[in-house]
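Values quoted throughout were computed directly from the atomic coordinates according to the rules given, and no laboratory measurement underlies them. For clarity, every value in this text was computed on a predicted model and none was experimentally measured. When we count neighbours, we look across all protein chains shown, and the Cβ atoms used for this are built from the backbone with ideal geometry, even at glycine.
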2 protein chains.
Amino acid sequence: MAGRRSVAVALDTRRRILSVAADMASVEGLEGLTVGRLATALEMSKAGVIGHFGSKLELQLATLDHAAEVFRTEVWSPAAPQQEGLPRLVAICGAWMEYAGRPAFPGGCFLAAASFEFDSRPGPVRDALITYLRRWHGTLVREISVAVSAGDLPETTNAERLASALEAVAARVTPTRELYGDPHAAAHAEELMLAMLGRQGLGDVPVLVP
Amino acid sequence: MAGRRSVAVALDTRRRILSVAADMASVEGLEGLTVGRLATALEMSKAGVIGHFGSKLELQLATLDHAAEVFRTEVWSPAAPQQEGLPRLVAICGAWMEYAGRPAFPGGCFLAAASFEFDSRPGPVRDALITYLRRWHGTLVREISVAVSAGDLPETTNAERLASALEAVAARVTPTRELYGDPHAAAHAEELMLAMLGRQGLGDVPVLVP
DNA sequence: CCTACCGATCGGTAGG
DNA sequence: CCTACCGATCGGTAGG
């Protein structure tokens, strides 16, 4: 009984640590995160924090995993009930931009920021990040392919490149909002993403109209 | 004479420091840069390095300034001789993607990475970054506006949003190349940017064709 | 999960 | 531009 409670409490503490770690890392990066400041924010000792993970590297990997889970919960889960293909893609764009515009972490979309932090920095964190990003990319490509098969997107659609274009627009939301002071960054991004999924001429694409 | 030579030598050393600092910061971020490792890379003492700037903050600001100057030299200068408006915009996209695809810094486009590093991190570095980014954004908006006046872009064009869309696609080049292992990231981005500047229907936009 | 500690490195300074 | 040094903080460990 006491043993069980200990395990449950420890898991709870672990989740609490990861939540605060993700918040801090979204602002100062996974590499800028330090055990000492994390412990202070949690009102714990450094040893108490690091004991849950073994090393800072394992803490970074667990934090990244936590952030990926939040992304999945907030972006994929609301869209999953929709019919696959274009309807689900439209729902994904809505949930994605709601997530990016809220935002879930004080530093904005965690995976987008991590993409730039680790694009030239080798190591296990980057390797894990690549796995998460490729999985999401694959999901987008798959949904686009279904939409093409269903006749909801042109047969000439290049699913890889359309997915990459959607990711580019989505990633830019936080910098646009924070550095340019544009409160409508997420809404504008969503409009552009939806237009990319439509068949309108560029004259109808929100990039071009006020 | 000796005095003059000293000043010239010191300025030369300062440039050498900034060049190496920008290379290092493009990989590990301006915040991850440390005076000690920079000194080691330069085969200098820490005091010798920091003496040129006074503090790490001043070193960061000077490094950012250096990177912005490189961007201007490599992206703006080749395009400036072109006629303003659409011709110059097309030249900018070409130079920009050549710069992003080469790349000038081992860690990829410096300003794009810095945008994500400092979008939620207040301070003088962020303030300076905002100045550089807004200047470039203003340049793009101005060229787009000229293109609209000349009839080369639709009158309904929203210059602000088109500029932001171009920036989003450009920024994503390094992560796409490095994390997805796509060697054509810069070329594909350029095609998409040129399509955004064209009047084709989306069916002709490279996102949609193989 | 804590205290107490380790060697290494941090940004920065004194003095030359 | 160097050596030699400062206090603070880094990631991590021993022992409980």
Volume per residue that the Cα convex hull of the stretch B:1-151 spans, once the total is divided by residue count, Å³: 130 Å³
Two-site FRET efficiency, A:Lys56 against B:Ser55, from Cβ-Cβ distance with R₀ of 25 Å, rounded to 0.05: 0.40
Choice from B:Leu42, B:Leu33, B:Leu129 with maximal GNM fluctuation in chain B (Cα, 10 Å cutoff): B:Leu42
Helix B:159-171 vs. chain B, principal-axis angle (Cα, 0 to 90°, nearest 10): 60 degrees
Distribution of pairwise C-alpha distances over the protein assembly as shown, 20 Å bins, in %: 25, 54, 19, 2, 0
Acute angle (nearest 10 degrees) that the helix A:185-196 long axis makes with the longest principal axis of chain A, alpha-carbon atoms: 50 degrees
Sum of side-chain charges, A:Glu143 neighbourhood, beta-carbon under 9 Å (Lys, Arg +1; Asp, Glu -1): +1
Average beta carbon contacts from partner chains per residue of B:117-129, 10 Å cutoff: 4
Environment charge at A:Gly108 (Cβ cut-off 9 Å; Lys +1, Arg +1, Asp -1, Glu -1): -1
Crossing angle, helix A:86-101 versus chain A [Cα axis fit, 0-90 degrees, rounded to tens]: 50 degrees
Eligible lysines near B:Lys46 by straight Cα distance, threshold 17 Å, same-chain separation 8 or greater: B:Lys56
Neighbour-count order for A:Met97, A:Met44, fewest beta carbons within 10 angstrom listed first: A:Met44, A:Met97
DSSP loop GluC sites (Glu not before Pro) with at most 16 other Cβ within 10 Å excluded, longest remaining stretch of chain A: A:85-154
Convex hull volume of the stretch A:26-115 per residue (C-alpha atoms, cubic angstrom): 105 Å³
Debye intensity ratio in log₁₀ form over the Cα atoms of the stretch A:12-74, taken at each q of 0.18, 0.21 Å⁻¹: -0.55, -0.75
